[in-house]
Amino acid sequence: MMQFFGKPVCQGIAIGPVALLKKQENQVPRRQVCDPEAEIEKFHAANIQAKAQLQTLYDKTLKEVGASGAAIFEAHQMILEDESFLAFIHNAIRADLVNASYAVSKTGEHFAKMFADMDDDSMKDKAADIKDISQRLIGILEKSGEAELSATDPFILVADDLSPSETVQIDKEKLLAIVTVHGSVNSHTAILARTMNIPAVIGAPLNLDAIQDKTMVVVDGFTGSVTLDPDEKLCAHAKKRVKEELEKENLLKELKGKETVTRNGRTIHLCANVHNISDVESALENDAEGIGLFRSEFLYLGRNDFPTEEEQFQAYKQVAQLMAGKNVIIRTMDIGADKQADYFHLDREANPALGYRAIRICLKQPDIFKTQLRALLRATCFGNISILYPMITSTEEVKRIFEIVKETQTELDQAGIAYRHPLQGVMIETPAAVMISDDLAKLADFFSIGANDLTQYTLAIDRQNQRLEDFFNPHHKAILRMIQMATQNAHKQGKWVGICGELAADLELTKEFVHMGVDELSVAPSKILKIRKIIREMNG
């Protein structure tokens, strides 16, 4: 019996046989070509085929995992359209008279190294995307196979690392857990594991050459332990814990249809965060009391041009209708920072998290903003829609937003288009917004606290930087005091307060949020029943 420890990225217990993911090493030969233009044509054909493969992966992931997981493949498709990436390959073929697969290999190495050498860890993650795309193109050009997985029965996947493509193509019905030697808690693999709710441990110092397929292993997604060849006692304990976790899930299902209310009668609105229609179905399945955050920016990602007013209207209308009168809070687009769309033509910024993003784009380019507002206002006739504005730092911004909303309403009036007047809220995700929350509460109808960005800006820590993971502490007293302050200021003006994002789903803080007076928690659909259980068992 050998035990190793890595970083747990998704909770759960699993016991089963190892299935090693054996990667095919693409040995890319350098060949001289006489007709570089013909070679470029071969590359373009491979590029088209790669895009088709990625679209298939996107559709599969969207159906099985949801928009947050599928967005990875949108990003990969954008790399295949990146002018710098394409130009580098073309130049290598023409200047060196080499075959397309060799040019792709060298281009991939160049760009991957460039991103890997950057200080920003979100850029380091992009190096893995470049490698994944390059290997896909080379595999098509050289007609080589993809990674092989030797497993027919339920298995625990063990690999050096996983690309998003490999993770998504695994048979989820048989996958018990994931263990990798490399990776980060914010890697694509970790994100997909959490989204699929599969126990996962990364960074386990395993010697893969010394591990055989079908070796029994116990994976503890709570502690990060990985035990090879467990003895009978540990196996029996693991099986007992697996059974207990399953029983807990079944007990939680009994909470469906029940109120989220404390023992002494305090009601908390328990809502879901969603990206698209498939997420709404998951929210309903898990008995969400509304949509606390619809991330509209995902309608803008993975496209070559802006979504039209009609496209947005149909999306918002469908969400509102599916929720059948329950409140649906739609956040206006939060493009920028780590969510990029090339057709916005945003300049590269040294610190994009502090740059041109979200409401700043809307206020600087009101034509884009008005298109979204028209779609949102039109959709209000089909359900209970509220509008939420991100990245607020001043009352002047809110006043200007309301002016633009009124201008848009006047345009709809003149065109004879019906709409209702929605509630309008602001996100509290900057220290500035917290400090002036007393003034903001006089303007806005409600607050929604975005704890991830609030933590980032308050602690001066890039939440994408893996080196700072130990310093990124959303439980910091400063963050909790800011949430308390914003809540108190909202209540003084008779306004309600919600928390959205990962912190709202932190079970260690649920009771504290209720005692603070927070009115709404909006979380991933899979967390709803767990939080309802805690609230129903506490005194408010």
Once you charge only the Cβ atoms, +1 for Lys and Arg and -1 for Asp and Glu, what is the size of the charge dipole of the range 413-456 about its Cα centre, to the nearest 20 debye?
120 debye
Report, in order of residue number, the helices in the chain meeting two criteria: a C-alpha extent of 30 Å or more along the helix axis, and a mean Kyte-Doolittle hydropathy of at least -1.0; treat each whole DSSP H run as one helix.
36-64, 121-142
Projecting the Cα atoms of I436, C362, C381 onto the charge dipole of the range 353-509, where Lys and Arg contribute +1 and Asp and Glu -1 at Cβ, the residue farthest towards the positive end is C381
Using unit Cβ charges (K, R positive; D, E negative) and no other charged atoms, how large, in debye to the nearest 20, is the dipole of the range 1-111 about its Cα centre?
520 debye
Would you work out the charge dipole size for the chain about its Cα centre, treating the Cβ of every Lys and Arg as +1 and the Cβ of every Asp and Glu as -1, and quote it to the nearest 20 debye?
1480 debye
Using a Förster distance of 51 Å, how high is the FRET efficiency between M1 and L507, based on the Cβ-Cβ distance and rounded to 0.05?
0.95
Antiparallel content of DSSP bridges confined to the chain, in %, to 5:
35 percent
Within the chain, longest stretch clear of exposed GluC sites (Glu not before Pro) (DSSP loop, no more than 11 other Cβ within 10 Å)
255-507
Tell me which of H275, S296, L255 sits at the most positive position along the dipole axis of the range 250-311, charges placed on C-beta atoms (Lys, Arg +1; Asp, Glu -1).
L255
Compute the distance in nm between two label points, each set 7 Å from the Cα along the Cα-to-Cβ direction, one at H475 and one at Q414.
5.6 nm
Return a whole-number percent for the relative contact order of the chain, with Cα pairs under 8 Å and 6 or more residues apart as the contact set.
16 percent
In the range 40-108, the trypsin sites (Lys or Arg not before Pro) that sit in a DSSP loop and have at most 10 other Cβ atoms within 10 Å of their own Cβ are none
Answer with one residue from G501, T455, T487: the one whose Cα lies farthest towards the positive end of the charge dipole of the range 442-528, charges on Cβ with Lys, Arg +1 and Asp, Glu -1.
T487
Pairs K51/K253; K364/K442; K174/K527: which exceed 29 Å Cα-Cα?
K51/K253
For D213 and H44, compute 0.36 nm times the residue count separating them, minus their Cα-Cα distance, and round to one decimal in nm.
57.0 nm
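Taken together, the values in this text are just the output of simple stated rules run on the coordinates, not laboratory data. Keep in mind the model is a prediction, meaning the values are calculated, not measured. Glycine also receives a Cβ, built like all others from the backbone with ideal geometry; neighbour counts cover every protein chain displayed.
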